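Structure first, commentary second.
The values are calculated or read from the model by the stated rules, or taken from the named source; none is laboratory data. Remember, it's a predicted structure, so these values are computed and weren't measured experimentally. Reconstructed Cβ throughout: ideal geometry from the backbone, glycine too, with neighbour counts over all protein chains shown. All accessible areas refer to the heavy atoms of the entire protein, side chains included, with ligands and DNA or RNA removed. Shrake-Rupley method; radii C 1.70, N 1.55, O 1.52, S 1.80 Å.
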Amino acid sequence: SLDARPLPAWFDEAKFGVFIHWGVFSVPSFGSEWFWWYWQKEKREPYVKFMQANYPPGFSYEDFGPLFTAEFFDPDQWADILKASGAKYVVLTSKHHEGFTLWGSKYSWNWNAVDVGPKRDLVAELAMSVRSRTDLRFGLYHSLFEWFNPLFLEDATNIFKTRKFPTSKSLPELYEIVTKYQPEIIWSDGDGNAPDAYWNSTGFLAWLYNDSPVRETVVTNDRWGVGSICRHGGFYTCSDRYNPGHLLPHKWENCMTIDKKSWGYRRDAQLHDYLTIEDLVKQLVETVSCGGNLLMNIGPTHDGRVAVVLEERLRQMGAWLNLNGGAIYRTKPWRAQNDTVTPDVWYTFSPEEGRVNAIFLNWPLSGTLELGEPQPKLGETQVKLVGYEEPLKWVALGEKGIVIALPQLTPTQLPCQWGWTLQLTDIN
């Protein structure tokens, strides 16, 4: 019955959101946000060596807590960058698998951002700035399990026949963040190999959908216990960096990250580790054509900065959406997702205007673009290039297909630099 709840319309219309992975793992900012696990549990050599070379013997992961300082964290500045990105929602990691909460949780004693480190309620500050300065919806990521929490480890030893951890920590935290911050997305993660019954996910979701302060507008993902991913929930994520390349029957989201190797900030990242704006526009267009949303991740630094390279990518995306957003926001998938003749052409449909959008990612050298999917009507079909005044000339290719003459433009005259939108009206 939970799956029968209709997904609030705003989520499908939004198409693009920004994910923020921030926490104590931002202090070592080495390798991955899974630093603690790779260092202590798997004892991976690069992590062990990094600690031996840079920290005194006996230094524990908990000792990173006070070093998570956030002294440069300016929530207004973050909100302005998010607004400039063209995103319609943001999802902040309220707590990752390390168990450290970015708000002063009364269920996470002495391992939260108000007691340790910044001594600030980071969730409250960002929520307030986002809501006062932008029209973005505010969402929170929350990890169900915690790698090294003794209560969770005890339950796991008992093959989840006991439920000390969810009843005393995980569930109370979820109720706490919903009641306190009223997020419109709950992005759950990290089932710890335990079933949804152990987490009482259905009990929580029933409250969220029926009685919580966000019951009308909240959306949830599909990570609520073993076996629920890609099968239950408001929208499906299926896996990280999920991009099926074809239309899915259920609303889905492609959560991916600008840094190809990590979700958290890495000081050792090289320029080629970051996706280019061309890569990101391609991801967005492919995802939206196939009915998905793109959730694009950044990892801020321990002192609260959004690295300049990440800010640049966000602002570039915003500049592209500022021009081409009509082919992205509020669109529906068309009968064809991509073109059969020319590669790297993706379609969306704007129902309000009755318009087909063809987004092409490579400007053809020939100056003409051949599309195999549209069926034009002689004397009626109009083709426009977004950002260019004059309608474009075209010829039909028999029953199906169209050849479009693109304008001869110098690089500075192009409406944008990466990915261009053709608007086709009055086609079959």
Under 5 Å from the placed amide H of T368, counting only residues 5+ away or on other chains, we find L406
Full-extension gain in nm, V341 to E370, via 0.36 nm per residue minus C-alpha separation: 9.7 nm
Distance between modelled label sites at D273 and T157, nm, 7 Å Cα→Cβ extension: 3.7 nm
Full extension from D74 to S60: what is 0.36 nm times the residue separation minus their Cα-Cα distance, to one decimal in nm? 2.2 nm
per DSSP, antiparallel bridges as share of beta bridges in the chain, % nearest 5, sits at 45 percent
In whole percent, how big is the carbon plus sulfur part of the accessible area of region 332-425, probe 1.4 Å, protein atoms only? 50 percent
Heavy-atom accessible area ranking, 1.4 Å probe, most first, across W103, W37: W37, W103
Within region 2-327, what whole-number % of the accessible surface is contributed by carbon and sulfur, with the 1.4 Å probe and all protein chains included in the calculation? 54 percent
Longest principal axis of the chain (C-alpha) makes with the long axis of helix 75-84 (C-alpha) an angle, in degrees to the nearest 10, of 20 degrees
From phi via Karplus (6.51, -1.76, 1.60), per-residue ³J(HN,Hα) for region 91-106 in Hz, x at Gly/Pro: 10, 9, 6, 6, 7, 9, 5, 6, x, 7, 9, 7, 10, x, 5, 7
Residue-by-residue Karplus 3J(HN,Hα) for region 204-214, coefficients 6.51, -1.76, 1.60, Hz, glycine and proline x: 5, 5, 4, 5, 4, 7, 10, 10, 6, x, 10
Using Cβ-Cβ distances only, list the Cys residues of the chain with no partner cysteine under 4.7 Å, sorted by number. C255, C290, C416
Per DSSP helix of 4 or more residues, -39500 (n - 2.57); summed, then divided by the residues of the chain. What does that give at 222 nm, rounded to the nearest 500? -7000 deg cm²/dmol
For K43 the rounded accessible area (nearest 10 Å², probe 1.4 Å, non-protein molecules ignored) is 130 Å²
Looking at (i) 21.3, 74; (ii) 23.4, 79; (iii) 24.6, 86, which value of Rg and Dmax of the Cα atoms in Å comes from a calculation on the structure shown? (ii)
Hey, rough spin-label estimate for K41 and S239, points 7 angstrom out along Cα→Cβ, what's it come to in nanometres? 2.0 nm
Taking the Cα atoms only, what angle lies between the long axis of helix 122-133 and the longest principal axis of the chain, rounded to 10 degrees? 30 degrees
Contour excess over end-to-end distance, with Cα ends at A197 and E389 and 0.36 nm allotted per residue: 63.3 nm
If you line up the long axis of helix 308-324 against the longest principal axis of the chain, both from Cα atoms, how many degrees apart are they, to the nearest 10? 40 degrees
Taking θ = phi - 60°, what integer Hz values does the Karplus form 6.51 cos²θ - 1.76 cosθ + 1.60 yield along region 271-288, in sequence order, with x for Gly and Pro? 4, 6, 6, 9, 5, 7, 5, 4, 4, 6, 4, 4, 4, 4, 5, 4, 5, 5
Go through R163, R266 and list them by solvent-accessible area, largest first, probe radius 1.4 Å. R163, R266
Protein chains only, probe 1.4 Å: how do H272, H97 rank by accessible area, largest first? H272, H97
Region 332-425: translational diffusion in µm²/s, Stokes-Einstein, Kirkwood Rh over Cα pairs, 20 °C, 1.002 mPa s: 159 µm²/s
When the Cα centres of region 169-236 and region 30-62 are compared, how far apart do they sit, in Å? 31 Å
Roll a 1.4 Å probe over the protein heavy atoms and report the accessible area of W263 in Å², nearest 10. 20 Å²
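Enter the accessible area per residue of the chain (Å², integer; probe 1.4 Å; all protein chains in place). Each step should come with its number before you reach the end.
Working: 18000 Å² over 428 residues.
In whole numbers, the chain has 42 Å² accessible per residue.
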Size of region 278-378 along its principal axes in angstrom, Cα-based, largest extent first? 60, 33, 20
